[in-house]
Amino acid sequence: MEVILRKDYDKLGFEGEVVNVTKGYARNYLIPKGIALEANSQNLKAFEVQRKKIEVNRLKARDEAEELKQKMEGMVATFSHKAGEEGKLYGSVTSMDIASYLEKQGIIIDRRKILLEKPIKTVGEFDLSIKIHPDVTGLIKVVVVPEEEKEK
């Protein structure tokens, strides 16, 4: 079944594209959630009219993503956690921790865009990729240091 995407969707494509999906996926998920419309002649004509507007919005979003990438260049996020003798953390540094750090720095990123395969559970330096836009990926360095024990 062919549908027209109303929003950019990572696994399928960009807004305004006509994609072929299974009927069940379209009827049960994409159409009810407002992600897509059925690709009939009326809907195709409506999206042809909006095509220029969609392209302008896409270019604007890409430019904003490039600016955000420039803002993130060279940024170092330092986290202090309790750690054992061998440098293993009691806990972990997750994408949610990194997203909240970035938010404090004035950069609002969805935590799901931070490409962290599994939580960081050791002391050290890590380079992480952040998928800001489908075409733009930024880099950030995360440093995890052991927390100093307070003297009694």
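For the range 69-106, name all the residues that are of a type in the set (D, E, K, R) and in contact with a Leu (Cβ under 8 Å, 6 or more places away or on another chain).
Those that are of a type in the set (D, E, K, R) and in contact with a Leu (Cβ under 8 Å, 6 or more places away or on another chain): GLU73, LYS82.
What residue, of VAL18, VAL49, is in contact (Cβ under 8 Å) with a residue 24 or more places away in the chain and not assigned by TED's automatic domain parsing to the domain that holds VAL142?
Just one listed residue meets the conditions, VAL18.
Which condition number in (1) over 17 Å from the mean Cα position of the chain (by Cα); (2) under 24 Å from ASP10 (Cβ atoms) is the one that GLU103 fails?
(1)
May I ask you to verify whether LEU139 is buried (at least 17 other Cβ atoms within 10 Å of the Cβ) and either modelled with pLDDT of 90 or more or not small (Gly, Ala, Ser) (or both)?
So LEU139 does not fit the description; no.
Among (1) modelled with pLDDT under 90; (2) closer than 24 Å to LEU5 by Cβ, where does ASP63 come up short?
It is condition (1) that ASP63 fails.
Just to be sure before I move on: is LYS118 exposed (fewer than 11 other Cβ atoms within 10 Å of the Cβ), out of contact with any strand residue (DSSP E or B) (no Cβ under 8 Å at 6 or more places or on another chain), over 21 Å from GLU66 (Cα atoms) and not small (Gly, Ala, Ser) in the structure I sent?
Answer is yes for this residue.
Please determine whether any residue of the range 130-141 is outside any strand (DSSP E or B), farther than 27 Å from LYS60 by Cβ and out of contact with any Asp or Glu (no Cβ under 8 Å at 6 or more places or on another chain).
Within the range 130-141, not a single residue is outside any strand (DSSP E or B), farther than 27 Å from LYS60 by Cβ and out of contact with any Asp or Glu (no Cβ under 8 Å at 6 or more places or on another chain).
Considering each of LEU89, LEU68 in turn, give the residue that is more than 23 Å from the chain's Cα centre (by Cα) and surrounded by 13 or more Cβ atoms within 10 Å (Cβ to Cβ).
It is LEU89.
What is the number of the single condition among (1) of a type outside the set (Val, Ile, Thr); (2) outside any helix (DSSP H, G or I); (3) in contact with a strand residue (DSSP E or B) (Cβ under 7 Å, 6 or more places away or on another chain) that GLU86 does not meet?
The failed condition is (3).
The values are calculated or read from the model by the stated rules, or taken from the named source; none is laboratory data. Note that this is a predicted model, so its numbers are computed, not measured. Cβ atoms come from the backbone with ideal geometry, glycine included; neighbour counts cover every protein chain shown.
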